[in-house]
Amino acid sequence: MARPRISIVTPSYNQAQFIGRTIDSVLSQRGDFDLEYKIFDGGSKDDTVAVLKSYGDRIEWISERDSGQIDAINKGLRAVTGDIVGWVNSDDVLMPGALQRVARAFADHPQVEWVHGRCVIIDEHDREIRKLVSLYKHFRCKNHTFENLLTENYVSQMTAFWRRSVHDEIGYLDPTHDLAFDYDLFLKLAHRGDPIYLDDPVACFRMYDTSKSGAGYVAQVEQANTIASQYTQPSSWTRARMRAKKAAIVNVYRAMGLAKTALQRISP
């Protein structure tokens, strides 16, 4: 792969508020790679289609009814032709230079099947939030083992890219895991081999009250724990760590939610 082709899929539904920022962050990428970018919109009822049309022939997109986010991503992953693939949700953004860092990592490590990197958490106004959460995940990523990944999902999905060829062996996203389907994919990839972790920020995850993970973090953690338990037969020590991490993560997010509510009540 002297000059790899990187394919990015964006699933979308009623995200006119954010999708322009997502598209701009992808189209602005430059480096020693060719870019393929496809957007699969589920028939949005807001102004999303108008935003997509405004980019003319700079992007490829389709807007039609689908069965949800997983269906849209799977359609995209089956349609793209790149050597390296990944998806960026319609409210997240890539950091400047992200794809060049990804391309270089794969070029420097031809035996590696997947790469992910540091993530910044932002709010609906593009302001960085929850820096301690980002620092914690950064620490966990730098100390990756398969056993550690079984105890919690510390991989930030929007920073992850992998070789398209792996889908011939592991299949695509499992629609039965509606909240933690990315974690299921990462476990499959990690079982095949360790990733390369990029120390520099690769993408921003947008967290706000109505976002899928923002609104359902407890259910998401519970589903991830179930996936890890079914995926393999972890040791009793690993199972104990899984239970402890689940309780800790749920309690931390609940505490942050309570703190936010309290601040909103006292703000003028």
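When you look at Val166, is it among the hydrophobic types (A, V, I, L, M, F, W, C) and more than 16 Å from the chain's Cα centre (by Cα), yes or no?
yes
Need pairs with beta-carbon distance below 9 Å; first residue basic (Lys, Arg) and within the range 8-21, second part of a strand (DSSP E or B); sequence gap 6+ or separate chains.
The qualifying pairs are Arg21/Val93; Arg21/Arg206.
Inside the range 1-46, can you point out the residues that are aliphatic (A, V, I, L, M) and either touching a strand residue (DSSP E or B) at 6+ places or on another chain (Cβ under 8 Å) or exposed (fewer than 15 other Cβ atoms within 10 Å of the Cβ) (or both)?
Met1, Ala2, Ile6, Ile8, Val9, Ile19, Ile23, Val26, Leu27, Leu35, Ile39
What number of residues within the range 177-208 satisfy the criterion of being among the hydroxyl-bearing types (Ser, Thr, Tyr) and either surrounded by 17 or more Cβ atoms within 10 Å (Cβ to Cβ) or at pLDDT 95 or above (or both)? Give the derivation first.
Here is the first cut: in the range 177-208, the residues among the hydroxyl-bearing types (Ser, Thr, Tyr) are 183, 197, 208.
From what's left, either surrounded by 17 or more Cβ atoms within 10 Å (Cβ to Cβ) or at pLDDT 95 or above (or both): 183, 197.
Selection size over the range 177-208: 2.
Please count how many residues of the range 8-42 are among the hydroxyl-bearing types (Ser, Thr, Tyr) and not in a strand (DSSP E or B). Full working, then the answer.
Step one: filter the range 8-42 for residues among the hydroxyl-bearing types (Ser, Thr, Tyr), giving 10, 12-13, 22, 25, 28, 37.
Subset that is not in a strand (DSSP E or B): 13, 22, 25, 28.
Summing the residues that are among the hydroxyl-bearing types (Ser, Thr, Tyr) and not in a strand (DSSP E or B) in the range 8-42 gives 4.
I'd like the residue in the range 116-136 that is of a type in the set (Lys, Arg) and either surrounded by 11 or more Cβ atoms within 10 Å (Cβ to Cβ) or in contact with a Cys (Cβ under 6 Å, 6 or more places away or on another chain) (or both) and, out of all such residues, is farthest from Tyr208 (Cα to Cα).
Arg118
Just checking, which of Asn74, Asn143, Asn153 is farther than 25 Å from Tyr37 by Cα and touching a residue at least 60 places away in the same chain (Cβ under 8 Å)?
Only one candidate qualifies: Asn153.
So which helices (runs of 4 or more DSSP H) are wholly in the range 69-176 and hold at least 2 residues that are within 21 Å of Gly20 (Cβ to Cβ) and out of contact with any Leu (no Cβ under 8 Å at 6 or more places or on another chain)?
The helices (runs of 4 or more DSSP H) meeting that bar are 69-79.
What residue, among those in the range 141-163 that are within 16 Å of the chain's Cα centre (by Cα) and among the polar types (S, T, N, Q), is surrounded by the fewest Cβ atoms within 10 Å (Cβ to Cβ)?
Gln157
In the range 146-198, what residues are of a type in the set (Val, Ile, Thr) and closer than 17 Å to Gly86 by Cβ?
Answer for the range 146-198, where residues must be of a type in the set (Val, Ile, Thr) and closer than 17 Å to Gly86 by Cβ: Val155, Thr159, Val166, Ile170, Ile196.
The values are calculated or read from the model by the stated rules, or taken from the named source; none is laboratory data. What you see is a predicted model, and the numbers here were worked out from it, not measured in a lab. With ideal geometry, Cβ positions are generated from the backbone for all residues, glycine too; neighbour counts draw on all protein chains shown.
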